[in-house]
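For reference, the structure discussed in these notes is given below.
The values are calculated or read from the model by the stated rules, or taken from the named source; none is laboratory data. Note that the structure is a prediction, hence the values are computed from the model and not measured. Don't worry about glycine lacking a Cβ; one is built from the backbone with ideal geometry, like all the others, and counts go over all protein chains shown.
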Amino acid sequence: MRSHARQEDWSARADCRLIDPAVFFGPDDEQRGARQRRERTAKQICHGCPARIPCRAYALDSRQRYGIWGGTTEAERRARHPARPAAAPPEPR
């Protein structure tokens, strides 16, 4: 619940709160050129946003898989925090 309260603090100040979420979350079948244009537009909005830093931290901490968060794309966040490898099975005794 505490994490949720912190999100509300920064999200209430976020520039994106008044913009169509489709700018930040594209359709599954989006063409590459359209995706690049949409992501560039979203990043421009994020660039001057007063909530950019906590938004990015939230996305990284909660491992948001989709959309533009704090000016970062899905691929950029994955590069920062690659998927954790599965735990190795215990050695037999």
Pairs please, first residue from region 26-47 and farther than 12 Å from W69 by Cα, second anywhere and β-branched (V, I, T) and crowded, with 17+ Cβ neighbours inside 10 Å, Cβ atoms under 6 Å, 6+ apart in sequence or on different chains. none
In region 45-82, residue farthest from P21 (Cα to Cα) [restricted to those that are among the aliphatic types (A, V, I, L, M) and touching a strand residue (DSSP E or B) at 6+ places or on another chain (Cβ under 9 Å)]: L60
Name the single residue, out of those in region 21-71 being touching a Cys at 6+ places or on another chain (Cβ under 9 Å) and on the phi > 0 side of the Ramachandran plot, that is surrounded by the most Cβ atoms within 10 Å (Cβ to Cβ). G70
Could you identify the single residue in P89, P50 that is modelled with pLDDT of 90 or more and not in a helix (DSSP H, G or I)? P50
